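See structure below.
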């Protein structure tokens, strides 16, 4: 049932004089996500199952504005949160804001000011970001990140696997350290100088993980998977794109699935501002002459993000060196996408045509004939 419905199904056991009774607990559809089985959205009509009406589907899709991470976990208490994770968040928030007054706040008041606690009660955002291993196992077991290292795509056990079922602020540095253990540099000559390009940029990897944690659907039963290969990184997170977001408009529209989590990340400087992480990923990949992020395999139940770490063309790196880092700092995401299209001799999308003249004026692109 879990494989077919992609929702978190649990069971309990009741001892009875005539034998053991298994009771299966099947929740309603996740907010904003009707459940599809064999290509059809079903609903009950009397004793029968029929295809769901368009009105019913529209009502379910309209639910997606709700922020699950802001919900109260009624069975959780302050003791379910890890003090070290909260202090790490405090230090980052002080560094980002410069507000030394945060130093004297109690942990409860700090979390209340960050809206991780509401009226003295714990939100799911607090559990996801600061929860202990025991607390997450009890209240939200699917809020875990699983790391695997594999040398190839063949099935079988991974060469290394580690499960992080605890608050994000307790493990995010360790996760990067695991990835960085096998993060080799690619060497390229540029004039008299040798360029070292890491296969996986720390900034890009952190943005990918932050994106998965803040945008996954926590009402689905799966975990976030981070699978590392020698030259690529694959990140799978439960829940498809939020309503209104597609691979084609992902750089232009923002629709945070868990706004409370995203706001807490922004407060402490882990993200610059909501909606900019994906733009940064694209820009940094293009600057390193790597393929842009690829969403092949994404469907309504999961987002699959592929990062190819192989440098494609050393000459493009040399070109960017000549352009200069100060000039590149003034480029928008659209400018980088346009350069990537020209470099790879792909047709320039219609929406990028108005950027051509700007790059010509900057001397980055030359015009020949038309």
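Since every read-out is calculated from the coordinates, none of them should be taken as a lab result. If you're wondering where the values come from, they're calculated on a predicted model, not measured in any experiment. Cβ sites come from the backbone with ideal geometry, for glycine too, and all protein chains shown count toward neighbours.
Tabulated data for the structure shown
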{"quantity": "Residue with peak Gaussian network fluctuation, the chain [Cα springs, cutoff 10 Å], from 158, 85, 212", "calculated": "158"}
{"quantity": "Relative contact order (%) - criterion: Cα under 8 Å, at least six apart; region: the chain", "calculated": "14"}
{"quantity": "Calculated [θ] (222 nm, deg cm²/dmol) that DSSP helices of n ≥ 4 give over the chain, each run adding -39,500 (n - 2.57)", "calculated": "-9000 deg cm²/dmol"}
{"quantity": "Inter-probe distance in nm under a simple model that places probes 7 Å from Cα toward Cβ, at residue 326 and residue 154", "calculated": "5.3"}
{"quantity": "Sequence ranges 114-125, 258-269, ranked by mean other-Cβ count within 10 angstrom, highest first", "calculated": "258-269, 114-125"}
{"quantity": "Of all DSSP beta bridges in the chain, antiparallel share, percent nearest 5", "calculated": "90"}
{"quantity": "Most to least packed among 102-111, 143-152 [average Cβ atoms within 10 Å]", "calculated": "143-152, 102-111"}
{"quantity": "For segment 301-367 and segment 221-243, distance of Cα centres in Å", "calculated": "26"}
{"quantity": "Listed residues 82, 288, 196, most fluctuating in the chain (Gaussian network, C-alpha, under 10 Å)", "calculated": "196"}
{"quantity": "Segment 67-226: relative contact order in percent, alpha carbon pairs under 8 Å with at least 6 residues between", "calculated": "23"}
{"quantity": "Length-normalised contact order for segment 270-370 - Cα pairs under 8 Å, 6+ apart - percent", "calculated": "20"}
{"quantity": "DSSP-defined antiparallel bridges as percent of all bridges, segment 133-280, nearest 5", "calculated": "75"}
{"quantity": "Per-peptide average of other Cβ atoms within 10 Å, ordering 217-223, 67-73, 6-12 highest first", "calculated": "217-223, 67-73, 6-12"}
